[in-house]
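Undergrad: Attaching a single structure in structure tokens format; questions to follow.
The values are calculated or read from the model by the stated rules, or taken from the named source; none is laboratory data. Source: prediction; values computed, not measured. For neighbour counting, all protein chains shown are included, and Cβ atoms are generated from backbone atoms with ideal geometry for every residue, glycine included. When the accessible area is computed, the model is the full protein with side chains, heavy atoms only, and any ligands, DNA or RNA have been set aside. Shrake-Rupley method; radii C 1.70, N 1.55, O 1.52, S 1.80 Å.
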Amino acid sequence: MDLSIPELEAGLAAFADRPADAANPERLDYLNQLAWEIALQDPARSRVLCKEALALSRRVNHTAGIASALRTMAYGALLRTRLKRAIDLSNRSREIFAELGPAHEYGYATATDVASNCYNFVGSYDRALELAIEYNEVARRIGFTRGEGWSLYNLGQIYVSIGDLIQGRDSFTASYNHFTEMGYDTGRSRVLMMLAGVLDRLGDSATAREQMELSYSIASEMGTPLLMASTLAELGRLHIAEGNSAEARECYRRCLEINSQTPNKSIIADTQLNLGQLAVQQGDYASAMQSFESALVTLKKSNAPPLLGRIHQAMSEACAATGEYRQAYHHAREAQSINEQVRIRESDVKLSTLQIRLKVESAEKEAELNRLRYEEKAAAEARLTETLNVLSEDLELARRVQRSLLPDLARDTGEFDVAVYFEPMIQIGGDIYDLYAIRPGCLRIFLADATGHGVQAALTTMVIKTEYERLRTEPLSLAELLGELNRSYCGRFASLGAFFSCAIIEVDLAAGELRAASGGHPEQLLYSQTEGALETLTTRGAMMGAFPGSRFSELRRPVGPGDCLVMFSDGIEEARNLAGDFYTSERMLQSIEQVCQDATNSAASTKSADSIVSAIMADVHQFRESADARDDLSLIVARIPGP
């Protein structure tokens, strides 16, 4: 049902004299659609109609009516910035409409519209973009013309949120042209408001102001308070950018006055934030902090993370400008924490945090940083962004360098079937390994795990690799080799204060023997095909780099064809899921033994080391769900040639 508000009012009025038909499905459709259409103009009446529709739908078990009411309730919650409730309601509505099938694709499309807006508002841009594209596809398929326009509007919002202003501008322009052809003023007003904001950020402030004033004019003619208030808030922001303080303050006053009729906490808080920034521009930091505090109070019970992040960032900059560095640092960290939770772009927060750290750590920088004002921020941000880009490029180069140190499986493993899984926590990590064919039929595998993470650990691995390669061709037993490696490392690099664990294992086919030694590393594993069981290779040795006189033991045991050596770093057993639970060594041992048993009893194609590594890591990833890695993950599997 895609009818105008007058048509919906007339359709609903036709049932006024028929109380017996209060729960008539057709009447419920009019009731739900009218509640949806007037949500912006008259949110109070929209809520009343929506509650009535939901109650009647539940009374007669009208599933489509329930879904429509939930969708409209989600829209109302979105307008009131109750975002968690809005997301829950919109997702439930979409589920019901999807279950009802193709006949209810209009309802599914509008519920998807609400969900896309919600996810964009909380900063989940990937999900918001996915839903906006789906909304556009459904709207086109069913001929829902306004839906096509709103989906383009949603895409524009998302593109702007992720920093793609050109794509955002183009999407808003297409949406505006679509609504203009339809003569749909509500859509035109909202799109013009967003388009003006994009044009201002692209440097065309004059056109931006014209578009914003036109948006306000359309909203005023329609008598839509929320649109009027939103447009005034954005117009005030444009006046601030142009230095028109008086005009900006008047826009904010009128915005708060209009919004008092149909309160929207997001608009009120945004306006208070803008008033605070206006005070900062005039050097009135006391008034600025009062406005910022008011904005935080306004959002106390609302879930609007991006806006909360902006408020804390503004408070951080105001505190920094007045020398209150401890408070400045606190608000900068709050902003950073909020933005990380919703996975939004962190450049502004990083800028603020770096500025505060500079002030806290170096008194010599205080005078320079205190001179930074509103008009200098763009230049400062550009310099810091350039620095961050350079650091990012350096990390990428370091990643390539570290990867180049890793062996070539095809060249360095001889007749052995070897597979490796290597995943640093960030671009670079603290795990390193080496494969060395001592002679035909004899392979040595070395795996080390440096303490710490990131750049420090990665640099340590380069030192470890260099020292190990210097010693690996010496005619030493494995215990002697680790002892010499430890003495050399302690003697040359003790001042670094960096330690590492390692395991080294040789498999000699001619002797039918495995030799192993380790220094502070988890016990490595051997699966015996003959015995059908997993064995831990227990060796003794202290953490490398701790004591130059440390002694190491060496284990020897027979091996046979089809046996499988499994080496790993502690990042595997210490992997965590979203709840913070550890993968644990017990689960790892159980998984590895089961995978090796399955490989032994299966077809040849699934006995490969690569298939074994894939199966083990599949269980680790299933346990982790979507949780970020907290340590480097290394897994090496080497199968002894044989059946």
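Undergrad: Which one of the conditions (1) farther than 18 Å from residue 234 by Cα; (2) open to solvent by 10 Å² or more (accessible area, probe 1.4 Å); (3) touching a Ser or Thr at 6+ places or on another chain (Cβ under 8 Å); (4) among the aliphatic types (A, V, I, L, M) does residue 142 fail to meet, given that it meets all the rest?
TA: With (1) farther than 18 Å from residue 234 by Cα; (2) open to solvent by 10 Å² or more (accessible area, probe 1.4 Å); (3) touching a Ser or Thr at 6+ places or on another chain (Cβ under 8 Å); (4) among the aliphatic types (A, V, I, L, M) applied to residue 142, the lone miss is (3).
Undergrad: Condition test on residue 487, is it surrounded by fewer than 15 Cβ atoms within 10 Å (Cβ to Cβ), at pLDDT below 90 and part of a helix (DSSP H, G or I)?
TA: Working: surrounded by fewer than 15 Cβ atoms within 10 Å (Cβ to Cβ): yes; at pLDDT below 90: no; part of a helix (DSSP H, G or I): yes.
No: the conditions fail for residue 487.
Okay, residues lined up against (1) over 29 Å from the mean Cα position of the chain (by Cα); (2) among the β-branched types (Val, Ile, Thr):
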site	(1), (2)
59	yes, no
86	no, no
97	no, no
102	yes, no
122	no, yes
125	no, no
148	no, no
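Undergrad: For residues that are at pLDDT 90 or above and in contact with a Phe, Trp or Tyr (Cβ under 9 Å, 6 or more places away or on another chain), scanning just region 613-632, find the one that is most open to solvent (accessible area, probe 1.4 Å). It would help to see each step written out before you state the result.
TA: Going through region 613-632, the residues at pLDDT 90 or above turn out to be 613-623.
If we keep only those that are in contact with a Phe, Trp or Tyr (Cβ under 9 Å, 6 or more places away or on another chain) too, we end up with 613-614, 616-617, 619-620, 623.
Values: 613: 8, 614: 66, 616: 3, 617: 6, 619: 34, 620: 0, 623: 29 Å².
Filtering first and then ranking leaves 614.
Undergrad: Further, regarding this structure: Quick one: which of 248, 206, 219 is over 29 Å from residue 294 (Cα atoms) and open to solvent by less than 60 Å² (accessible area, probe 1.4 Å)? Working first, answer last.
TA: Working: 248 fails: over 29 Å from residue 294 (Cα atoms); 219 fails: over 29 Å from residue 294 (Cα atoms).
None of the others qualify; the one that does is 206.
Undergrad: If you don't mind, there's one more thing I want to ask. So which residues in region 522-536 are part of a loop (DSSP other than H, G, I, E, B) and of a type in the set (Gly, Ala, Ser)? It would help to see each step written out before you state the result.
TA: Of all residues in region 522-536, those part of a loop (DSSP other than H, G, I, E, B) come to 522-523, 529-532.
Result: 532, single match.
Undergrad: Shifting gears a bit: Search region 106-135 for residues that are open to solvent by less than 10 Å² (accessible area, probe 1.4 Å) and at pLDDT below 90 and pair each with any residue that is of a type in the set (Lys, Arg) and outside any helix (DSSP H, G or I) when their beta-carbon atoms are under 8 Å apart and the residues are at least 6 apart or on different chains.
TA: 123/343
Undergrad: Given the structure, is residue 502 farther than 27 Å from residue 591 by Cα, open to solvent by less than 30 Å² (accessible area, probe 1.4 Å) and not in a loop (DSSP other than H, G, I, E, B)? It would help to see each step written out before you state the result.
TA: On the way: farther than 27 Å from residue 591 by Cα: no; open to solvent by less than 30 Å² (accessible area, probe 1.4 Å): yes; not in a loop (DSSP other than H, G, I, E, B): yes.
The answer is no for residue 502.
Undergrad: Shifting gears a bit: Which is in contact with a Ser or Thr (Cβ under 9 Å, 6 or more places away or on another chain), open to solvent by less than 10 Å² (accessible area, probe 1.4 Å), at pLDDT 75 or above and among the hydroxyl-bearing types (Ser, Thr, Tyr), of 57, 68?
TA: Working: 68 fails: open to solvent by less than 10 Å² (accessible area, probe 1.4 Å).
Only one candidate passes the filter, namely 57.
Undergrad: So for region 455-477 (the condition being of a type outside the set (Asp, Glu), over 26 Å from residue 419 (Cα atoms) and at pLDDT 90 or above), does at least one residue qualify?
TA: Yes: region 455-477 contains one or more residues that are of a type outside the set (Asp, Glu), over 26 Å from residue 419 (Cα atoms) and at pLDDT 90 or above.
Undergrad: Being crowded, with 22+ Cβ neighbours inside 10 Å and within 36 Å of the chain's Cα centre (by Cα) is the filter here, so list the residues in region 521-532 that pass it.
TA: 521, 524
Undergrad: Look at residue 473 and say whether it is in contact with an Asp or Glu (Cβ under 6 Å, 6 or more places away or on another chain) and either open to solvent by less than 20 Å² (accessible area, probe 1.4 Å) or not basic (Lys, Arg) (or both). Walk me through how you get there before you give the answer.
TA: On the way: in contact with an Asp or Glu (Cβ under 6 Å, 6 or more places away or on another chain): no; either open to solvent by less than 20 Å² (accessible area, probe 1.4 Å) or not basic (Lys, Arg) (or both): yes.
No.
Undergrad: Which pairs do you get when a residue that is under 15 Å from residue 37 (Cβ atoms), found in region 61-82, comes within reach of a residue that is surrounded by fewer than 20 Cβ atoms within 10 Å (Cβ to Cβ), reach meaning Cβ atoms under 6 angstrom, with the pair 6+ apart or on two chains?
TA: Within 6 Å, the pairs are 76/47.
Undergrad: Give just the number: which of (1) at pLDDT below 90; (2) in contact with a Gly (Cβ under 7 Å, 6 or more places away or on another chain); (3) open to solvent by less than 40 Å² (accessible area, probe 1.4 Å) does residue 159 not satisfy?
TA: It fails just one condition, (3).
Undergrad: Of all residues being among the polar types (S, T, N, Q) and buried (at least 18 other Cβ atoms within 10 Å of the Cβ) in region 177-198, which is farthest from residue 209 (Cα to Cα)? Just the residue, please.
TA: Filtering region 177-198 down to residues among the polar types (S, T, N, Q) leaves 177, 180, 186, 189.
Filter once more, so that each one left must be buried (at least 18 other Cβ atoms within 10 Å of the Cβ): 186, 189.
On the way: 186: 19, 189: 13 Å.
Checked region 177-198; the qualifying residue farthest from residue 209 (Cα to Cα) is 186.
Undergrad: What are the residues in region 127-146 that are among the basic types (Lys, Arg) and over 18 Å from the mean Cα position of the chain (by Cα), if any? Working first, answer last.
TA: If we filter region 127-146 for residues that are among the basic types (Lys, Arg), which is where we start, we get 127, 140-141, 146.
If the condition is that a residue be among the basic types (Lys, Arg) and over 18 Å from the mean Cα position of the chain (by Cα), then 140, 141, 146 are the ones that fit.
Undergrad: Say whether the condition of being under 23 Å from residue 226 (Cα atoms) and touching a Leu at 6+ places or on another chain (Cβ under 7 Å) is met by at least one residue in region 145-159.
TA: Scanning region 145-159 turns up at least one residue that is under 23 Å from residue 226 (Cα atoms) and touching a Leu at 6+ places or on another chain (Cβ under 7 Å).
Undergrad: Here's another thing I want to ask about it. Of the conditions (1) of a type in the set (Gly, Ala, Ser); (2) open to solvent by 30 Å² or more (accessible area, probe 1.4 Å); (3) without any contact (Cβ under 8 Å) to a residue 40 or more places away in the chain, residue 518 satisfies every one except a single condition; which number is it?
TA: Going through the list (1) of a type in the set (Gly, Ala, Ser); (2) open to solvent by 30 Å² or more (accessible area, probe 1.4 Å); (3) without any contact (Cβ under 8 Å) to a residue 40 or more places away in the chain, residue 518 breaks only (2).
Undergrad: Name the pairs whose Cβ atoms lie under 6 Å apart, with the first residue in region 524-547 and farther than 17 Å from residue 449 by Cβ, the second small (Gly, Ala, Ser), and 6 or more positions between them or separate chains?
TA: What qualifies is 529/562; 530/560; 540/553.
Undergrad: Here's a follow-up. If residue 615 meets every condition in (1) within 26 Å of residue 458 (Cβ to Cβ); (2) of a type in the set (Gly, Ala, Ser); (3) within 37 Å of the chain's Cα centre (by Cα) apart from one, which number is that one?
TA: Failed condition: (1).
Quick grid of which residues meet (1) among the aromatic types (Phe, Trp, Tyr); (2) open to solvent by 10 Å² or more (accessible area, probe 1.4 Å); (3) over 24 Å from residue 465 (Cβ atoms):
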residue: 542; (1), (2), (3): no, yes, no
residue: 557; (1), (2), (3): no, yes, yes
residue: 561; (1), (2), (3): no, yes, yes
residue: 570; (1), (2), (3): no, yes, no
residue: 582; (1), (2), (3): yes, yes, yes
residue: 586; (1), (2), (3): no, yes, yes
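Undergrad: Take the residues of region 588-599 that are open to solvent by 40 Å² or more (accessible area, probe 1.4 Å) and more than 29 Å from residue 500 (Cα to Cα): which is modelled with the highest pLDDT? Show your work before the answer.
TA: At the first step, the residues of region 588-599 found to be open to solvent by 40 Å² or more (accessible area, probe 1.4 Å) are 589-590, 593-594, 597-598.
This time we only want the ones that are more than 29 Å from residue 500 (Cα to Cα), so: 594, 597-598.
Working: 594: 91, 597: 88, 598: 87.
Among those that are open to solvent by 40 Å² or more (accessible area, probe 1.4 Å) and more than 29 Å from residue 500 (Cα to Cα), it is 594.
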